[in-house]
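Enquirer: What follows is a single structure, and I will ask about it in a moment.
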Amino acid sequence: MNKMICLISLLGAFANNTQAQQEKPKVNPEMKRFVYQANSTITKRTYDSIYFDISYNPGDKWVFKYSYKAKDVEMIADDEYFESYEFEMDPPKGNSFTIEGNDFIKNKVIFNRGCFCMDAGLRQLEEGKIIGKKVGNNTWLVTFDLMIAPKPRTKGNALPKKFKGYFKPGNLIY
């Protein structure tokens, strides 16, 4: 009888293990957002001379924000990754705009990387070109051609980043 109980327990454990192996881990999908908000501004608060944080406040500017969140497997620790690019500008006059050179600091062109890595955090971008073209009532096609400098006080080379997206009105924080 003991052998029979042991055999049934062993078969039950094997069946549970097989079922667990067939279940796929939960995966949060990749997500991209292209939004802008009128009557807003980006407020930068600098501390420790080179580091800063930001907040969004009511103002007389437009703020554009692209955010990307990578696919995330819940069973893997520290694989989370996101990045965002944002800038503010005076309300566009006409159907296009360009931001380049010294305008990057004035327009607060900011890159943010979130990851379990040395290069995480906010940084002010200073190099590149952003071109916007109105393509619909509330839709702007914005093209980014940027150089992402290494985080302050770290070593590394600037990396080029090119992308574009259709920006529509939306909340900057979600």
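Any read-out appearing in this document is the output of simple, stated calculations on the displayed coordinates, not a laboratory observation. None of the values given here were measured: they were computed from a predicted structure. Neighbour counts are summed over all protein chains in view; Cβ atoms, including those assigned to glycine, are modelled from backbone coordinates with ideal geometry.
Enquirer: Taking the chain as a Gaussian network, Cα atoms linked when under 10 Å apart, which of 90, 72, 48 shows the biggest mean-square fluctuation?
Expert: For the chain, modelled as a Gaussian network with Cα springs under 10 Å, the answer is 48.
Enquirer: Additional query: Within the stretch 157-171, what residues put their amide N at less than 14 Å from the label point 7 Å along the Cα-to-Cβ vector of residue 133?
Expert: So the set is 164-167.
Enquirer: By per-residue mean of other Cβ atoms within 10 Å, what is the highest-first order of 132-145, 155-168?
Expert: 132-145, 155-168
Enquirer: Magnitude of the Cβ-charge dipole of the chain, K/R +1 and D/E -1, about the Cα centre, nearest 20 debye?
Expert: 340 debye
Enquirer: Where the centroid of each part is defined by its Cα atoms, how far is the stretch 110-126 from the stretch 37-90 in Å?
Expert: Each part reduced to its Cα centre gives a spacing of 10 Å.
Enquirer: When every alpha-carbon pair in the chain is counted, what percent end up more than 27 Å apart? Numbers along the way, then the final one.
Expert: Details: 6074 of 15051 pairs.
Everything past 27 Å amounts to 40 percent.
Enquirer: Turning to a different aspect of this structure: Using 16 Å as the cut-off for backbone N distance, which residues of the stretch 158-174 belong to the label zone defined by a point 7 Å from the Cα of residue 32 along Cα→Cβ?
Expert: Label zone hits: 161-168.
Enquirer: At 0.36 nm per residue, and after removing the present C-alpha to C-alpha distance, how many nm does the segment from residue 43 to residue 118 gain when stretched out fully? Please report the intermediate quantities before stating the final value.
Expert: Working: separation 75, 0.36 × 75 = 27.00 nm, distance 2.49 nm.
Full extension of this stretch gives 24.5 nm more.
Enquirer: On a 21 Å Cα-Cα criterion, which of the cross-link pairs 44/71; 32/151; 32/155; 93/129; 71/151 come out too long?
Expert: Correct reply: 44/71; 32/151; 32/155; 71/151.
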